[in-house]
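What follows is a short report on a single structure.
Bear in mind that the values in this text are calculations on the coordinates, not laboratory data. Values in this document were obtained by computation on a predicted structure and should not be read as measured data. Neighbour counts run over all protein chains shown; Cβ positions are idealised from the backbone, glycine included.
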């Protein structure tokens, strides 16, 4: 089960989804802060059948490019906003830049002192580069249960506790969707239309709204592309064929770039937070 809080903008009143009395699975407690400035649709629950109660599968064959981590002498201001009494990080915060072999610009990770940097760096490494390139600043905080949220207006992601790789791909897709406005359109050819033509979604959490369905579908799509176009046990394309076809048509899921060796490619290079080619291109199959 995945839980989400969808907000029109960070500064406005929000609604908690689901209500606090519902059970929480450590797979993912996710809060998505959706900015109207990015054209995201206000979301409503989907009246479709869930194939499974949750996404519980591992994702084999994820690519793990080499990386280099450099400590920063000062903590970036976006991270400092969440540090101090009554904030997400009540202890001290430090920051690093992580440069991957598949990208020429570093990723900034801010870590609350009681959180684990190694787990976060490893998980970020294994987000496919075609999605990872849309991520902004990453913040890792301590947490008794794994949860995360994404600001789609500045593609900043906050992780609490040790989140699964599914969670990292899910939240990174929120960042990509916000940057590319995938969920902003209505009518012919839109994600909304594709969902309306199907009878099911991947899991119970995908029923939350169009945005969560899109990101849960992304986890399935990444699994499929990494594993010879197969699906995890219990899942089928039949009842969500229109959603699958929509995903197939997105440049985001072109396997040559999604699973490629560079964060710099067209289309949509300008929309990516990280779009500088690495100094030396590596063969991902040799990693």
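Can you tell me the FRET efficiency between residue 68 and residue 165 if r is taken as the Cβ-Cβ distance and R0 is 25 Å, rounded to the nearest 0.05?
Step by step, r from the Cβ atoms, then E = 0.70.
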Per the rule of 0.36 nm per residue minus the C-alpha distance, extending residue 280 to residue 254 adds in nm 7.2 nm
Simple spin-label estimate for residue 199/residue 50, 7 Å along Cα→Cβ, in nm, reads 2.0
Under the 7 Å Cα-to-Cβ spin-label approximation, residue 269 and residue 90 lie apart by a distance in nanometres of 4.7
Reduced to Cα centres, the span from region 213-271 to region 91-145 in Å works out to 23
The orientation-averaged projected area of the Cα convex hull of region 136-287, in nm², is 10.2
Packing-ranked peptide list from 236-246, 214-224, highest mean Cβ count within 10 angstrom first, is 214-224, 236-246
Highest mean packing first, using Cβ neighbours within 10 angstrom, the peptides 158-171, 265-278, 193-206 sort as 158-171, 193-206, 265-278
